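Trainee: What follows is a structure written as C-alpha cells; I'll ask about it next.
The values are calculated or read from the model by the stated rules, or taken from the named source; none is laboratory data. Values in this document were obtained by computation on a predicted structure and should not be read as measured data. Methodologically, a virtual Cβ is constructed for each residue, glycine included, from the backbone with ideal geometry; neighbour enumeration extends over all protein chains shown. Only protein heavy atoms, including side chains, enter the accessible area calculation; ligands, DNA and RNA are left aside. Shrake-Rupley method; radii C 1.70, N 1.55, O 1.52, S 1.80 Å.
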Amino acid sequence: MPSVPVSENVPAPGEQAIQTTVALDGDGTCIARARHLAAGFLTRVQAEHGLPVSQRAVDLTQLVVSELVTNALKYAPGPVLLDLRIVGDAVEVMVWDSDPVLPVARAADVGRVGQHGLEIVMAVAQGFEAQREPVGKRITARIALLDEPGRHHRRTAAPVEDAGPPRSDRA
C-alpha cells in the first residue's frame, strides 16, 4: 500500500501553522517517499507562502525524516504517520508509530557500527521531544528554517517520559 495523504492544512489569514500529514506503510520505497515529501513540503512553503527556507534546512529535514521514519517502520507494527508543520521560524517533524516504548540515545561508542539515528537527530535539531500517546508514541524534532550567520544551532531536548527499560537499539 502506498503512502496516503491524510491532510494538508493551509492557515487562515493571520495563522502561523502550515502543515501536511501522510500515513506511510512499510514497503521498500516508503522512506524515500517520506524524504521527497519533506523536500516538496518545504519547497511549497517557500514558493506558495514566501517563507525563506535554507538548503541546509531542507537537507536536515530530509535527514531527520529518514531517521525517524526508518526507526518507526523498523520497530513498530502497522502504519506510521508523518506530520510536517511550519511553526514560527522552524519546521517540526513529527512521527507517530504504534510502539509505546520511547527511544533512548546510546552512549557514544566509536566502535559501534550503525544505530546512531537518535544521536544524529538530536545533534541537528533545535528541539527534540518523545511522548507516549494513548496508542503508541510521538517523536517531534524541530529544525530552523534559516541559518543565522555566526549562530551555532542550539539543541534543546524536552524531558522524555520514563519508558520502562531502555531500548538502546533504537534511533
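Trainee: Scan the range 79-95 and tell me whether some residue there is touching a helix residue (DSSP H, G or I) at 6+ places or on another chain (Cβ under 6 Å) and either more than 20 Å from Leu63 (Cα to Cα) or open to solvent by 20 Å² or more (accessible area, probe 1.4 Å) (or both).
Mentor: So far as the range 79-95 goes, no, none of its residues is touching a helix residue (DSSP H, G or I) at 6+ places or on another chain (Cβ under 6 Å) and either more than 20 Å from Leu63 (Cα to Cα) or open to solvent by 20 Å² or more (accessible area, probe 1.4 Å) (or both).
Trainee: Among the residues of the range 16-34, is any open to solvent by 20 Å² or more (accessible area, probe 1.4 Å) and in contact with a helix residue (DSSP H, G or I) (Cβ under 6 Å, 6 or more places away or on another chain)?
Mentor: The answer is yes; a qualifying residue exists.
Trainee: Any chance the range 40-51 includes a residue that's at pLDDT 95 or above, touching a helix residue (DSSP H, G or I) at 6+ places or on another chain (Cβ under 7 Å) and open to solvent by 70 Å² or more (accessible area, probe 1.4 Å)?
Mentor: no
Trainee: So, Leu73, is that one at pLDDT 95 or above, within 18 Å of Ala34 (Cα to Cα) and surrounded by 16 or more Cβ atoms within 10 Å (Cβ to Cβ) or not?
Mentor: Taking the combined requirement at face value, the residue does not satisfy it.
Trainee: Would you pick out the residues in the range 36-91 that are in a helix (DSSP H, G or I), over 12 Å from Leu24 (Cβ atoms) and of a type in the set (Val, Ile, Thr)?
Mentor: Matches in the range 36-91: Thr43, Val45, Val58, Thr61, Val64.
Trainee: Scan the range 96-139 for residues that are outside any loop (DSSP other than H, G, I, E, B), in contact with a helix residue (DSSP H, G or I) (Cβ under 9 Å, 6 or more places away or on another chain) and open to solvent by 40 Å² or more (accessible area, probe 1.4 Å) and report the count.
Mentor: 2
Trainee: Continuing with the same structure: Among the residues of the range 150-171 satisfying the criterion of being open to solvent by 60 Å² or more (accessible area, probe 1.4 Å) and either at pLDDT 50 or above or charged (D, E, K, R) (or both), which is nearest to the chain's Cα centre (by Cα)?
Mentor: Arg155
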